[in-house]
Each structure stands twice: as C-alpha cells, then as structure tokens.
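See below for the structure under consideration.
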Amino acid sequence: MVSHKRIQVYEHSFLRIGDRDFDTLHFVALSKLNALHDYKYFDLKHNGIVFKQYVGVIQVEGLVIEILPKIDRYESHESKEKWQSVLIEMLRVTKKLKIQQVGQAHVSKQSIHLLDLYFEWFLSEVQLLIHQGLIKQYYKQTGNVKALKGKLEFASHIQKNLVHKERFYTTHQVYEKDHLIHQILGQALDIINRLSKGTYLYTRCKTVQLDFPEVKSIKANENTFTKLLKSRKTAPYETVLSIARLIILNYAPNISNGSEKMLALLFDMNKLWEEYILVRLKQVARDNNIQVYGQNSRTFWSNISIRPDIVLVSNKEQFIIDTKWKNIDNNKPSTHDLRQMYVYNEYWESKKSLLLYPSNNDDFDGYVNFVALDNTDNHTCGLGKVSIFKDCNKLLNDQIGSKILNWIINDDKIRV
C-alpha cells in the first residue's frame, strides 16, 4: 500500500504554500481548524502558516504534517528523526502515549508517524477487550414491540398502532452490547478506517471492525463523554475510551467547504515539558523523602490565583521550579519571568526558586539574591539549563530528575 505523504516541520517554523506537498487546499483547512480553536495553533500569513508552540500531528487529505519540538538552531534529516523520538518519549513518560520504547523498529520507518502510533494503540486496546469479552449493559429503548413489556407509552401507542393491534409502543430495558460505550468505540473505529486508507493500518482496522459488534452510529461530542458512568464493570475500558475521546474530539470532518476530513493531535510543548519534568522529579523524590506537587495554586487577587509549575517540599522547606521550553543563549531570563519567581517565593515562603530551560548541555551557576527594599537577603532565584539527552545521543536523559533535585535541594551557592 502507498503511504500518505508526510511533511516534518519544527515548532515556530514557516510552511509556505507550494513547499513540498503543502497546497492551498491544506492551507484553507488548517486556517479553519485554527479559527475553531481561537487561533492558538498557527499564525496565518498570506502565503503560508507559522507554527506556534504546539507540536504533534495533523492529517488532512492524504497529507500528514508532523510538528516537532526543537531547541537547537540547525535543521537536518538526522535532527528531525531525533526530535520525533524526543516527542514520542515525552508523550510516553507523561502517559499520553503507550509504546514500549522509542527505539522500536517500526517507529523509525519513514512511513510511520505519531498518528499511526495512536491508531495502533487504540486498535490493540480494542482487540484486547474483544479477547477478554465485551460487556453488555442495560439501557432504555422506546419503540414498537410484539409483546407487552416495560412501560406502555399510551399516547404514542394509540397514534402509531390503531391499525396494528398486535404491536405495543413501550419504553423497556434492553441488555446487550449495543450501548453508549461501544457506540463511541465504533465511531473511533470508523474515523481510523477513513483516515488509514492507503496505509498498513487499514487492513488491521477492518479486521477489528469485523470482530466488533454492530452498534448504532452516533456523533459523539464533549457532552457524550460526560454521560459515561464509571464502575467496576467498565474499568477495563478506561484507557480505550481516553484514546477514543482524543481521536473523536480532534476529528473535524468537512472543516472547509470541500470534502476534506482532518484529524489534529496537538500538544502545547510548554505544558508537555512541565509535565515531563514533574514525572522525572517524582521518580527520584520517592527515595529522598521529598514531596513533589504540580498544579499547586493560591489566591493572588480577588478570584485570580497564581500557580508555579512545580513545588518541592523537603524538611518543611518549600522550593519552586518554573519550566520554560525555550532556548536561552544569553543566560538572561526575562524581567517578567523574574518578577513571577519573586512572587512565587513570597507566597510559598520559599528561599530558592529555579527557572529551568532545556539544553544540549548542563549549565547551572548557583542562585542570585533578589534585592529587597530593606536590603535584606530574603530569597533567591537560579537559572538552570539541563541537558535533555543522554550521552549526546537522541535518547532522553532518564536521570534528569536527579540532576535538577541536586541543583535545588543541595546547592547552597549564592551569588549577589
């Protein structure tokens, strides 16, 4: 089978109409997708698009656009392969993607992209559920039946069955596999079937669909997923439903006036970097009697709150880390970032805070005092650049948490 055409670009890069396989049809579809999401994904130019901090994958009309993270300045085929591995590994560590390891043989194939990995994950989870046995559920059904059961809907019965005396219009309970959970999975399977045509996944998807029970077609939305009730019986479906939600809510059929269908799985790289560091710190904190918190907020003014990325608690002392996914060559953080760290220190009564940036090499030169109005040295802030790679290769450094922990907990070097 012929694979979809693929373009790999970096975050914050420019893709011009006419470059490679990107044409006006794709530009129009992406511009309308951007409008649906408050213009947060791209900046639109008259002859192309400028990507922002969102990374991931977009598929539209046989074209796959992979948007990769990047901290170095130079583009090459090798670096794109490296940064694809970085993205996949970060998604794996933060549990946004399930894959054994980045170095699996099929990941490195040119025809495989991030969307394929999510489709494979979903199909594997559905196959596992089929093997274990799909659940049945009770639900209410209203309609004509040949035997009286449940509640007779008298007004509708009179209206519909004046001629057919042998029928009863009732609302009754049904116990079968055609329920909301399976209808959602069926919709996700249908989307994968449409978008995987021409790829190695198409045959596998058709096989899974043949093994899956016939269910009513629905058009699930955000509200549909809020109706799902969790129970011991539905616990095995938790993972597959989360993937189905990701696929369905990011699928945009007929987004422009044409017939093109699009699926976009995009992640804010700033948040992904924050979550990745949080996971790595929690892995090493367990053995060091340190508590690590994310999403720790406090009221700042009226109903407005502030929230540092990460708070560490050790021996009743609190330390602040704020992650920044950007290149900081000149070793000078912005005034805005420093003001932010000052406020965090004040509100969390922290003596140390750390602005943390990704890099190809480790670089940390201690802490600098904030200058207080009364000339007292009450708290400090440090700037750390941490290498995200292991031994200068494309594998992410799984010991990054230990390095950061040592900087913020054990380092007492203060500069004025």
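The values are calculated or read from the model by the stated rules, or taken from the named source; none is laboratory data. Remember, predicted model here, so these are calculated numbers, not experimental data. Because the Cβ atoms are built from the backbone with ideal geometry, glycine has one as well, and the counts that use them run over all protein chains shown. Just so you know, the surface numbers come from the protein's heavy atoms only, side chains and all, with ligands and any DNA or RNA stripped out. Shrake-Rupley method; radii C 1.70, N 1.55, O 1.52, S 1.80 Å.
Table for the structure above
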item: Pairs, first under 17 Å from Leu266 (Cβ atoms) in segment 6-28, second buried (at least 19 other Cβ atoms within 10 Å of the Cβ) and among the basic types (Lys, Arg), C-beta under 9 Å, six or more apart; result: Tyr10/Lys70; Glu11/Lys70; His12/Lys70; Ser13/Lys70
item: Residue list for segment 345-362, filter: open to solvent by 10 Å² or more (accessible area, probe 1.4 Å) and over 18 Å from Asn270 (Cα atoms); result: Glu346, Tyr347, Glu349, Lys351, Lys352, Asn361, Asp362
item: Among residues of segment 354-366, those that are without any contact (Cβ under 8 Å) to a residue 40 or more places away in the chain and farther than 15 Å from Ser387 by Cα, counted; result: 0
item: Residue list for segment 168-214, filter: more than 19 Å from Leu128 (Cα to Cα) and among the hydroxyl-bearing types (Ser, Thr, Tyr); result: Tyr169, Thr170, Thr171, Tyr175, Ser196, Thr199, Tyr200
item: Count of segment 18-28 residues which are in a loop (DSSP other than H, G, I, E, B) and open to solvent by 50 Å² or more (accessible area, probe 1.4 Å); result: 5
item: Any hit, segment 205-212, residues being within 26 Å of Lys151 (Cβ to Cβ), more than 24 Å from the chain's Cα centre (by Cα) and without any contact (Cβ under 8 Å) to a residue 60 or more places away in the chain; result: no
item: Any hit, segment 374-385, residues being out of contact with any Pro (no Cβ under 7 Å at 6 or more places or on another chain), at pLDDT 90 or above, within 30 Å of Glu81 (Cα to Cα) and open to solvent by 10 Å² or more (accessible area, probe 1.4 Å); result: yes
item: Counted residues, segment 97-127 - those being at pLDDT 85 or above and in contact with a helix residue (DSSP H, G or I) (Cβ under 8 Å, 6 or more places away or on another chain); result: 14
item: Search result, residues across segment 29-57 that are crowded, with 19+ Cβ neighbours inside 10 Å and under 14 Å from Ala264 (Cβ atoms); result: Ala29, Leu30, Leu33, Tyr41, Phe42, Ile49, Phe51, Tyr54, Val55, Gly56, Val57
item: Residue match in segment 260-277 (condition: over 15 Å from Leu356 (Cα atoms) and among the polar types (S, T, N, Q)); result: no
